[in-house]
Structure formats: structure tokens, C-alpha cells
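The values are calculated or read from the model by the stated rules, or taken from the named source; none is laboratory data. Note that the coordinates shown come from a computational prediction; the quantities given were computed from them, not determined experimentally. Positions of Cβ are backbone-derived with ideal geometry, glycine not excepted, and every protein chain shown enters the neighbour counts. SASA here: full protein model, heavy atoms, side chains in, ligands and nucleic acids out. Shrake-Rupley method; radii C 1.70, N 1.55, O 1.52, S 1.80 Å.
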Amino acid sequence: MAFEDNGNPFNAPLASETQDHQQAQAATVAASTNGNPFDEPLMSEKAETQAQNTGQITNDVGNTVIVPKENESFADTMKRAAAYGKTVTPQQINAELATAPKKAATVLAAAPVIGAAGAAALSAPGEISGCG
């Protein structure tokens with residue numbers, strides 16, 4: 001891919017970015033049995049499989065979150081969560097609390113939109129306005 005050289009240093013990727021991309025692409029193709037990178041499972045699929053097998057995931061701040069294993073009862077999941085909860089450090093709690101205001105603001109900003117759209121989608125035409 002050619003980039004127009006207009007003097008803007010941000011028009012082209014850095015050499016290190018290009019090299020990183022090429023190495024990642026080569027590793028993906030090499031991991032595929034037939035050279036097709038689209039045969040490789042998506043990252044979300046890999047994470048879901050890992051969660052089902054191990055019963056835990058890593059969240060946005062690097063902390064472990066206990067999730068149900070495949071065919072595991074709710075009681076067994078809660079026992080694992082309680083056991084893990086005894087190992088949680090104050091630093092892990094502080095990392096979660098540091099992101100709480102941002103997460104709460106995101107949810108609070110989205111809630112009215114979701115509520116209005118949900119009500120509109122569930123109601124029949126004219127039902128909300130009382131014209132029916």
C-alpha cells in the first residue's frame with residue numbers, strides 16, 4: 001500500500017508497527033493447517049472456550065473473574081468464587097474501584113437510551129400515545 005508523501009509524518013505507519021503486523025500475520029498463517037488465517041478461531045471464541053474450560057476469565061484491569069464452567073452447577077460455581085474471594089488482595093480491590101466511576105457513568109448514560117428504545121420496540125404503534 002502506497003502512502004502519499006505530503007510531509008505529514010502521521011500518514012504512514014511506523015516501521016515497528018509494520019513489522020509487528022507482518023510478524024503477527026505470519027504467525028497466524030503458520031498456525032493454520034492449510035495457510036488460511038480465517039480458519040483460526042476468533043479471539044472471542046478462544047476466550048469463551050478458555051472460560052468454559054477453566055471457569056475463569058481476566059477482566060479489563062487484569063483481575064480474575066470466576067465464571068461457570070461447562071455443565072457446572074450454580075452452587076459449585078459459587079463455592080469456587082467464595083474460595084477465590086478469600087485470596088483477593090486490597091490492591092486488586094483498589095484496581096476495580098478505580099475503574100468503577102467510569103463504568104458507572106457509561107451505564108448511566110446508556111440506560112435512558114436503552115429504556116426508551118426498548119419501550120418503543122415493545123409497544124404497538126399508537127399504544128404509548130394513547131391513540132389506540
### Task
Please determine, by comparing only the residues of the stretch 33-51 that are part of a loop (DSSP other than H, G, I, E, B) and open to solvent by 80 Å² or more (accessible area, probe 1.4 Å), which one is nearest to A100 (Cα to Cα).
L42
## Note on the structure
Log entry, pairs with first residue in the stretch 72-93 being among the hydroxyl-bearing types (S, T, Y), second being surrounded by 10 or more Cβ atoms within 10 Å (Cβ to Cβ), beta carbons closer than 8 Å, six or more apart or on different chains, reads T77/G55; T77/I66; T77/V67; T77/P68; T77/K69; Y84/Q56; Y84/T64; Y84/I66
### Message
I'd like to check something: does the stretch 99-114 contain any residue that is loosely packed, with under 12 Cβ neighbours inside 10 Å and within 25 Å of Q52 (Cα to Cα)?
### Response
no
### Query
How many residues are touching a Lys or Arg at 6+ places or on another chain (Cβ under 8 Å) and either open to solvent by less than 80 Å² (accessible area, probe 1.4 Å) or within 23 Å of N94 (Cα to Cα) (or both) if we restrict to the stretch 52-63?
3
